[in-house]
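Data block below; observations after.
The values are calculated or read from the model by the stated rules, or taken from the named source; none is laboratory data. Quantities reported herein were computed from a predicted structural model and do not represent experimental measurements. Cβ atoms come from the backbone with ideal geometry, glycine included; neighbour counts cover every protein chain shown. Just so you know, the surface numbers come from the protein's heavy atoms only, side chains and all, with ligands and any DNA or RNA stripped out. Shrake-Rupley method; radii C 1.70, N 1.55, O 1.52, S 1.80 Å.
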Amino acid sequence: MRQSSSPSTACDTQTSSILSLNIAPAQVLRGTHAIQQAGEAIAKLGKRPLLVGGDRSLSVTQTTLQPVLKEHHLEFASATYSPDCSEASLAKLRDKANTHQADLIIGIGGGKALDTAKLLAHQCQLPIATIPTSGATCAAWTALSNVYSDEGAFLYDVPLAKCPDLLILDYNLIQTAPQRTLVAGIGDALAKWYEASVSSGHSEQTLLIAAVQQARVLRDILLQKSVTALQEPGGETWREVVDATVLLAGVIGGIGGAQCRTVAAHAVHNGLTHVAASHGTLHGEKVALGILVQLRLEEMLQGNQLAAAARQQLLKFYSDIGLPQTLNHLGLENITLTELKQAAELACHQGSDIHRLPFHVVPEQLMAAMVSTTVPIGEAKIKA
């Protein structure tokens, strides 16, 4: 038997305490007409890029990205990720990458397109550049991909070996997206504070403290600037909010790492993706409702009046910018009890991040919170 003082044991102990973080893309190009200025940075990563995105995203870049690639003599091919960021789609894309002899993946689009491209690059061990076409998520930044079924139901997430090698944030391109996508991105980014403060708010670790405090700053920026930003698309405040949803939200996940995880808001999202009627809504819209559900749980099961007050504040803010406040606002006015129960059970499954709440939650309690997000403070209490 090894002695506790042996060098190998000491080394094992030291190794087990190592924290590995993927904090940020190697390079970020941000600005108006950023794509037109990105040719040299792209060419450094590869000569035969495979462009991965949805039909709309690939079409949008025909007049911007493709001329840049041609100017730098890059032999590119394009492939769609349809029907979803799913195992079947990834298998087809791996074949396409092999056929094209790709030495670089360029992801173009929203969260699912970028998650697909990042995971494809990870599987093929190729460099990855991301070009978000909206401010809907921080997927362009992060070292994480979510995998769904072909039908759009969340299955699992995959931690990646690194953040993207290059992120190109082109405000002109972002501005072509429907305003609804930025509203959804605001909802998704807001969750950083409400979830990180629960999962890591009491930590004494320096980087977790920094991540939580950055999440608080992010929340304040969004609460203060979102209304003006949405009234002035393309303006300075609008660009600051885009930076917040795409870049700053990613910074928080990078600094906080796996220890600063999502909690109930994203668990609610994951459960609702298994309800077919929710597929017409965006990731951030479902997450935004999940924030209200999480605060409702804290109020009902802990008597947390700060959570109750925060929920009331968000209800007003959601009304101002158009985020969903109820299941009905997600188009789920006809959701059946069976579907609601299925979503709640999936959100509460063993290993779900909902269990990072400082109290135990069962599906019946979650169901009650999901249908009472706008109930006044102090009503509809449930015993733990």
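Using 0.36 nm per residue and subtracting the Cα-Cα separation, the extra length available between Asn98 and Val158 on full extension is 19.4 nm.
Take the chain with all the other protein chains still there, run a 1.4 Å probe, and you get 44 Å² of accessible area per residue. The listed peptides 31-41, 338-348, ordered by packing as a protection proxy, come out as 338-348, 31-41 (highest mean of other Cβ atoms within 10 Å first). Neighbours of Arg356, meaning other residues whose beta-carbon lies under 15 angstrom from its beta-carbon, give a summed charge of -2 when Lys and Arg score +1 and Asp and Glu score -1.
Return one quarter of the surface area of the convex hull spanned by the alpha-carbon atoms of segment 284-376, equal to its mean projected area, in nm². Dividing the Cα hull surface by four gives the mean projection, 5.8 nm². Taking the protein heavy atoms of the chain in the context of the full set of protein chains, the accessible area attributed to carbon and sulfur is 50 percent at 1.4 Å. Neighbours of Gln36, meaning other residues whose beta-carbon lies under 15 angstrom from its beta-carbon, give a summed charge of -1 when Lys and Arg score +1 and Asp and Glu score -1.
For the set Lys96/Lys225; Lys70/Lys162; Lys47/Lys286; Lys192/Lys341; Lys118/Lys286; Lys112/Lys316, the pairs lying more than 32 angstrom apart at their alpha carbons are Lys96/Lys225; Lys47/Lys286. The 1.4 Å probe gives accessible areas that order Trp193, Trp238, largest first, as Trp193, Trp238. When the inverse distances between all different Cα atoms of the chain are averaged and flipped, the Kirkwood radius reads 21.5 angstrom. The modelled label-to-label distance between Thr374 and Glu75, using points 7 Å beyond Cα along the C-beta direction, is 5.8 nm.
This model, with +1 at the C-beta of Lys and Arg and -1 at the C-beta of Asp and Glu, gives the chain a dipole about its Cα centre of some 340 debye.
Please work out the FRET efficiency for the pair Gln259 and Val362, using the Cβ-Cβ distance as r and a Förster radius of 35 Å; give the result to the nearest 0.05. Kindly include the intermediate steps, with their values, before the conclusion.
Details: r = 25 Å, r/R0 = 0.72.
In this case the efficiency is close to 0.85.
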